[in-house]
Amino acid sequence: MKKIAGVLIISLLSACASQTTQPTDVEDRSMGADSSGYGADGSALGSGGSGFHPLNDPSSILSQRSVFYDYDSYTVKNEYRPLVIAHAQYLRDNPNAQVILQGNTDDRGSREYNLALGQRRADGVKNIMTLSGARASQIESVSLGEEKPRAYGSGEAAWSENRRTDILYRGE
(Lines give C-alpha, C1' and ligand atoms only; values in the text may rest on other atoms or scores of the structure.)
Protein backbone atom coordinates (compact mmCIF):
# COMPACT_ATOMS: atom_id res chain seq x y z
CA MET A 1 0.00 0.00 0.00
CA LYS A 2 2.90 2.38 0.75
CA LYS A 3 4.30 1.73 -2.72
CA ILE A 4 1.00 2.60 -4.38
CA ALA A 5 0.68 5.77 -2.28
CA GLY A 6 4.28 6.75 -3.16
CA VAL A 7 3.66 6.23 -6.87
CA LEU A 8 0.46 8.29 -6.67
CA ILE A 9 2.22 11.14 -4.86
CA ILE A 10 5.06 11.17 -7.38
CA SER A 11 2.56 11.11 -10.23
CA LEU A 12 0.62 13.99 -8.75
CA LEU A 13 3.77 16.03 -8.14
CA SER A 14 5.07 15.48 -11.63
CA ALA A 15 1.68 16.39 -13.11
CA CYS A 16 1.67 19.64 -11.12
CA ALA A 17 5.24 20.56 -12.01
CA SER A 18 5.48 23.63 -14.20
CA GLN A 19 6.90 23.14 -17.63
CA THR A 20 9.03 25.86 -19.14
CA THR A 21 9.09 26.34 -22.85
CA GLN A 22 11.49 28.33 -24.95
CA PRO A 23 9.87 31.23 -26.79
CA THR A 24 10.13 30.85 -30.54
CA ASP A 25 10.32 34.53 -31.46
CA VAL A 26 12.26 36.75 -29.12
CA GLU A 27 12.84 40.33 -30.11
CA ASP A 28 16.38 41.54 -29.43
CA ARG A 29 16.05 44.87 -27.65
CA SER A 30 19.67 45.33 -26.69
CA MET A 31 21.01 48.71 -27.71
CA GLY A 32 22.89 48.68 -30.97
CA ALA A 33 22.80 44.92 -31.41
CA ASP A 34 22.80 43.41 -34.84
CA SER A 35 22.70 39.85 -36.05
CA SER A 36 26.45 39.51 -35.62
CA GLY A 37 26.21 39.25 -31.80
CA TYR A 38 28.15 42.47 -31.31
CA GLY A 39 26.96 45.79 -29.95
CA ALA A 40 27.27 49.12 -31.71
CA ASP A 41 30.46 49.83 -29.78
CA GLY A 42 32.11 46.77 -31.27
CA SER A 43 32.19 44.76 -28.06
CA ALA A 44 30.94 41.21 -28.01
CA LEU A 45 27.49 41.03 -26.41
CA GLY A 46 27.44 39.02 -23.22
CA SER A 47 31.21 38.87 -23.04
CA GLY A 48 31.85 41.92 -20.89
CA GLY A 49 33.66 43.58 -23.82
CA SER A 50 36.38 40.96 -24.14
CA GLY A 51 37.53 40.11 -27.64
CA PHE A 52 37.55 42.26 -30.74
CA HIS A 53 34.71 42.76 -33.13
CA PRO A 54 36.09 42.14 -36.64
CA LEU A 55 35.42 45.78 -37.58
CA ASN A 56 37.71 46.96 -34.77
CA ASP A 57 40.30 44.16 -34.73
CA PRO A 58 43.59 45.75 -35.81
CA SER A 59 44.63 42.48 -37.45
CA SER A 60 41.46 42.39 -39.61
CA ILE A 61 41.23 44.07 -43.00
CA LEU A 62 37.82 45.34 -41.86
CA SER A 63 39.50 47.75 -39.44
CA GLN A 64 40.82 49.64 -42.48
CA ARG A 65 38.20 52.18 -43.52
CA SER A 66 39.68 54.39 -46.25
CA VAL A 67 40.22 53.97 -49.99
CA PHE A 68 42.74 56.41 -51.48
CA TYR A 69 42.89 57.76 -55.05
CA ASP A 70 45.27 59.29 -57.52
CA TYR A 71 44.90 62.96 -58.41
CA ASP A 72 41.69 63.75 -60.31
CA SER A 73 40.66 60.06 -60.34
CA TYR A 74 37.73 58.07 -59.01
CA THR A 75 38.99 54.64 -60.05
CA VAL A 76 39.45 52.29 -57.10
CA LYS A 77 43.05 51.09 -57.22
CA ASN A 78 43.71 47.34 -57.28
CA GLU A 79 45.40 47.55 -53.89
CA TYR A 80 42.11 48.67 -52.27
CA ARG A 81 39.78 46.18 -53.98
CA PRO A 82 40.32 43.42 -51.33
CA LEU A 83 39.41 45.98 -48.64
CA VAL A 84 36.19 47.00 -50.40
CA ILE A 85 35.25 43.37 -51.12
CA ALA A 86 35.87 42.39 -47.47
CA HIS A 87 33.48 45.13 -46.31
CA ALA A 88 30.94 44.00 -48.92
CA GLN A 89 31.14 40.44 -47.63
CA TYR A 90 30.69 41.68 -44.06
CA LEU A 91 27.56 43.56 -45.15
CA ARG A 92 26.29 40.48 -46.98
CA ASP A 93 26.80 38.32 -43.88
CA ASN A 94 25.30 40.95 -41.54
CA PRO A 95 22.07 42.14 -43.16
CA ASN A 96 21.36 44.65 -40.37
CA ALA A 97 24.69 46.43 -40.88
CA GLN A 98 24.68 49.69 -42.85
CA VAL A 99 27.47 51.93 -44.11
CA ILE A 100 27.88 55.49 -45.25
CA LEU A 101 30.54 56.01 -47.91
CA GLN A 102 31.96 59.52 -47.74
CA GLY A 103 33.77 60.66 -50.88
CA ASN A 104 36.45 63.27 -50.24
CA THR A 105 38.81 65.38 -52.36
CA ASP A 106 41.78 67.62 -51.83
CA ASP A 107 41.23 71.38 -51.96
CA ARG A 108 42.28 71.87 -55.56
CA GLY A 109 39.43 72.45 -58.01
CA SER A 110 36.17 74.31 -57.63
CA ARG A 111 33.68 73.46 -54.93
CA GLU A 112 31.23 72.07 -57.50
CA TYR A 113 33.88 69.98 -59.22
CA ASN A 114 35.10 68.55 -55.90
CA LEU A 115 31.56 67.65 -54.79
CA ALA A 116 30.99 65.81 -58.08
CA LEU A 117 34.36 64.02 -57.86
CA GLY A 118 33.72 63.02 -54.24
CA GLN A 119 30.34 61.58 -55.25
CA ARG A 120 31.91 59.56 -58.09
CA ARG A 121 34.47 58.18 -55.63
CA ALA A 122 31.80 57.12 -53.12
CA ASP A 123 29.61 55.67 -55.90
CA GLY A 124 32.56 53.70 -57.29
CA VAL A 125 33.09 51.99 -53.93
CA LYS A 126 29.34 51.37 -53.65
CA ASN A 127 29.27 49.71 -57.07
CA ILE A 128 32.06 47.31 -56.13
CA MET A 129 30.32 46.50 -52.84
CA THR A 130 26.97 45.74 -54.47
CA LEU A 131 28.65 43.61 -57.16
CA SER A 132 30.39 41.74 -54.32
CA GLY A 133 27.21 40.78 -52.48
CA ALA A 134 26.15 43.75 -50.36
CA ARG A 135 22.61 45.05 -50.80
CA ALA A 136 22.27 48.59 -52.16
CA SER A 137 19.85 49.37 -49.32
CA GLN A 138 22.71 48.86 -46.83
CA ILE A 139 24.89 51.52 -48.46
CA GLU A 140 24.56 55.28 -48.65
CA SER A 141 27.08 57.22 -50.70
CA VAL A 142 27.63 60.93 -50.14
CA SER A 143 30.18 63.51 -51.19
CA LEU A 144 31.88 65.80 -48.75
CA GLY A 145 34.14 67.27 -51.43
CA GLU A 146 36.95 69.18 -49.79
CA GLU A 147 34.96 69.93 -46.61
CA LYS A 148 36.41 67.20 -44.36
CA PRO A 149 40.18 67.18 -44.83
CA ARG A 150 42.25 64.62 -42.97
CA ALA A 151 45.44 66.59 -43.50
CA TYR A 152 45.90 70.36 -43.75
CA GLY A 153 48.38 72.23 -45.88
CA SER A 154 49.32 72.31 -49.50
CA GLY A 155 51.59 69.76 -51.00
CA GLU A 156 51.29 66.17 -52.16
CA ALA A 157 51.58 64.72 -48.63
CA ALA A 158 48.44 66.54 -47.46
CA TRP A 159 46.56 66.25 -50.75
CA SER A 160 47.05 62.48 -50.99
CA GLU A 161 45.54 62.00 -47.50
CA ASN A 162 42.45 63.93 -48.53
CA ARG A 163 41.73 62.07 -51.79
CA ARG A 164 39.74 59.21 -50.27
CA THR A 165 36.46 57.47 -49.60
CA ASP A 166 35.79 56.70 -45.94
CA ILE A 167 33.70 53.67 -44.93
CA LEU A 168 31.65 54.46 -41.83
CA TYR A 169 29.32 51.95 -40.15
CA ARG A 170 26.08 53.31 -38.69
CA GLY A 171 25.98 53.04 -34.91
CA GLU A 172 29.71 53.42 -34.41
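The values are calculated or read from the model by the stated rules, or taken from the named source; none is laboratory data. As the structure is a computational prediction, the values presented were derived from the model and not from experiment. Cβ: placed from backbone, ideal geometry, glycine included. Neighbour counts: every protein chain shown. These area figures cover heavy atoms from the full protein model, side chains too; ligands, DNA and RNA do not enter into them. Shrake-Rupley method; radii C 1.70, N 1.55, O 1.52, S 1.80 Å.
Quick notes
- Residues (touching a Lys or Arg at 6+ places or on another chain (Cβ under 8 Å) and surrounded by 19 or more Cβ atoms within 10 Å (Cβ to Cβ)) located in segment 71-96: Y74, L91
- Every residue from segment 121-131 that is open to solvent by 30 Å² or more (accessible area, probe 1.4 Å) and within 16 Å of the chain's Cα centre (by Cα): K126, T130
- Single residue of L117, L62, L91, L101 found to be in a helix (DSSP H, G or I), under 12 Å from R164 (Cβ atoms) and at pLDDT 95 or above: L117
- Here G124 passes the criteria (1) closer than 21 Å to E172 by Cβ; (2) at pLDDT 95 or above except the one numbered (1).
- Matching residues, segment 133-147, being open to solvent by 30 Å² or more (accessible area, probe 1.4 Å) and either among the hydrophobic types (A, V, I, L, M, F, W, C) or more than 23 Å from D107 (Cα to Cα) (or both): G133, R135, A136, S137, E140, V142, L144
- Pairs where the first residue, in segment 88-110, is over 12 Å from S141 (Cβ atoms) and the second is among the acidic types (D, E) and at pLDDT below 95, C-beta under 7 Å, 6+ apart: N94/D34; N96/D34; A97/D34
- Against the conditions (1) out of contact with any Asp or Glu (no Cβ under 9 Å at 6 or more places or on another chain); (2) open to solvent by 20 Å² or more (accessible area, probe 1.4 Å); (3) closer than 19 Å to D70 by Cβ, R150 satisfies every one except (1).
- Residues (more than 22 Å from R81 (Cβ to Cβ), touching a residue at least 60 places away in the same chain (Cβ under 8 Å) and assigned to a loop (DSSP other than H, G, I, E, B)) located in segment 120-172: R170, G171, E172
- Hey, T165 open to solvent by less than 30 Å² (accessible area, probe 1.4 Å) and among the hydroxyl-bearing types (S, T, Y) or not: yes
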